[in-house]
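Written out below as structure tokens is the structure these notes cover.
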Amino acid sequence: MAKEARWDSKLLSLQKHNHVFVKFAISFLVLGLAFRLLSSDSIRIVSNIETPPLAEERTESPIVSLPIEAPVSSPFPQNESYTSENVKCDIFKGDWIAEQSGPAYTNKSCHVIEDHQNCMRNGRPDSGYLYWRWNPRDCELPRFNSHRFLDLMRDKSWAFIGDSISRNHVQSLLCILSQVEEAVEVYHDEEYRSKRWHFPAHNFTLSVIWTPFLVKAAIFEDMNGVSSSEVQLYLDKLDEKWTDQYKNFDYVVIAGGKWFLKTAIYNENNTIAGCHYCPGKNLTELGFDYAYRKALQLVLNFVMHDEYHNHKPFVFFRTTTPDHFENGEWFSGGYCNRTVPFKDGEIEMRDVDTIMRDIELEEVEKAASVGSENGVILKLLDTTRLSVLRPDGHPGPYRKFHPFGKDKNAKVQNDCLHWCLPGPIDSWNDLVMELLVNGEKYR
């Protein structure tokens, strides 16, 4: 009241005849200001909970929450942690974090695990390796959605093309999917290395084709890895085992890797061009990197140019898989007895893995630019770095059933290359699913 009296006296002294008018005007201004403040606050609150900022506004913000493009329809939450509008999330950079819920299946709920990867059945005493999941640093990676995947694959065909790691990978996928629908095995080759399964409720066919070099090869090696002669590699001819079937597949995952480290004679244009690690042969040492690059160029040229097969499947190329042998190799007493993941920076890739991955990245990048012009989708599945951090995920001595059952000090061969099932390789399928559904988000 005292404040109003002071205002009145000032107004009367200035203009006595307009007392009523000025008082009315001031009241109107005060009410208008109050309404403005209230309405602006309510707009800010509503905008925070109902509508994201417009694309134009996002360019002014230091934190970008959503891509400009319309999101792909999917059952997963959209990733919202990009560092800038022009830099997309790299789902292959991150850390392994503790995951209390554990794997999607066990060796009891999945019946397609091969003996060598069935670590729990074979008596591995620890289980901590089962409770980790891959977590990209700049975005969220949803868990694999089996129902959604099988719906997407209705009336489709998928193939994993490569060596025994590809077979390891397909088993992981089969185990995850088996919690929704059991697959029926409909084919296997004589050595059970190439197989095919059918999901009748979805009319989905899943295959693995064993072709460790991807190119034509004469291999003189038994099932235990013992060689009687050098591998003969034909670097200008693809392995027809997979190319003859290629037109049947809607999706393929192609991978090469460790077999190129073996002693081999390299053939090109019906002539011996050189070799890798062939002392006493009087041949030019070309190195495994020469052969690997030649092979990948031939493979990717075939995939990217549909005039060879008149077919354009969705293609993933998976990078090389590191091993974790310590104090030796698989044939010389090497072992892997670690029980927890490495943290980033605690281990570096071995030179051979770095060389192979660099070749893969270079050749896939070149091929992808050609594929974009030809309408072929090629996605890099870069599992190398994240796998380097998991020395705890291999069978080790538990590739055999209870290897220390009779002798606790028995000397046994270790497997530090393939992966226990369930195990770290299951996260590869989280990555495959995310790239399949939301691939445009990622580099």
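The values are calculated or read from the model by the stated rules, or taken from the named source; none is laboratory data. Owing to the predicted nature of the structure, the values given are computational and were not obtained by experimental measurement. Neighbour counts are summed over all protein chains in view; Cβ atoms, including those assigned to glycine, are modelled from backbone coordinates with ideal geometry. Heavy atoms of the whole protein, side chains included, go into the accessibility calculation; ligands, DNA and RNA do not. Shrake-Rupley method; radii C 1.70, N 1.55, O 1.52, S 1.80 Å.
For the stretch 104-441, what is the accessible area per residue in Å², given a 1.4 Å probe and the full set of protein chains? List each step's numbers first, then the result.
Working: 14960 Å² over 338 residues.
With the other protein chains kept in place, the stretch 104-441 gives 44 Å² per residue.
What percentage of the solvent-accessible surface of the stretch 104-441, computed with a 1.4 Å probe over protein heavy atoms, is contributed by carbon and sulfur atoms?
47
Report the relative contact order of the stretch 104-441, percent, no decimals, based on alpha-carbon pairs under 8 angstrom and at least 6 residues apart.
Relative contact order here is 22 percent.
With just the Cα atoms defining each centre, how far is the stretch 88-129 from the stretch 161-238? Give it in Å.
21
Largest first, what is the accessible-area ranking of Asp222, Asp306 with a 1.4 Å probe?
Asp222, Asp306
Among the lysines, which fall within straight-line cross-link reach of Lys88, defined as a Cα-Cα distance under 27 Å, with same-chain neighbours fewer than 8 residues apart omitted?
Those lysines meeting the cut-off are Lys312, Lys343, Lys366, Lys379, Lys441.
Calculated FRET efficiency, Arg121 and Asn301, Cβ-Cβ r, R0 45 Å, to nearest 0.05? Intermediate values should be presented prior to the final figure.
Details: r = 43 Å, r/R0 = 0.95.
So the FRET efficiency works out to roughly 0.55.
Could you sort Glu348, Glu329 by accessible area so the largest value comes first, with the probe set to 1.4 Å?
If we order Glu348, Glu329 from most to least accessible, we get Glu348, Glu329.
What accessible surface, in Å², does a 1.4 Å probe find on Trp210, ignoring ligands, DNA and RNA and rounding to the nearest 10?
Surface accessible to solvent at Trp210 totals approximately 30 Å².
Show which aspartates and glutamates lie in cross-link reach of Lys156 when reach means a straight Cα distance below 17 angstrom and same-chain residues fewer than eight apart are skipped.
Glu181, Glu182, Glu185, Asp250
Using only the alpha carbons of the stretch 104-441, what is the convex hull's orientation-averaged projected area in square nanometres?
Taking a quarter of the hull surface, the average projection is 17.9 nm².
In the stretch 186-307, if every C-alpha pair distance is counted and binned at 10 Å from zero, what percent goes to each bin?
Over the stretch 186-307, the share of Cα pairs per 10 Å bin runs 12, 40, 31, 14, 3, 1 percent.
So what does Lys312 come to for accessible area, using a 1.4 Å probe and Å² rounded to 10?
Surface accessible to solvent at Lys312 totals approximately 100 Å².
So for Tyr290, Tyr105, what's the accessible-area order with a 1.4 Å probe, most first?
Tyr290, Tyr105
Given R₀ = 41 Å, FRET efficiency for Phe401-Thr354 by Cβ-Cβ distance, to 0.05?
On the way: r = 36 Å, r/R0 = 0.87.
Given R0 = 41 Å and the Cβ-Cβ separation, E is 0.70.
For the stretch 286-443, what does the convex hull of the Cα positions come to per residue, in cubic angstrom?
153
Calculate the length of the line joining the C-alpha centroid of the stretch 328-394 to that of the stretch 408-443, in whole Å.
Between the Cα centre of the stretch 328-394 and that of the stretch 408-443, the gap is 11 Å.
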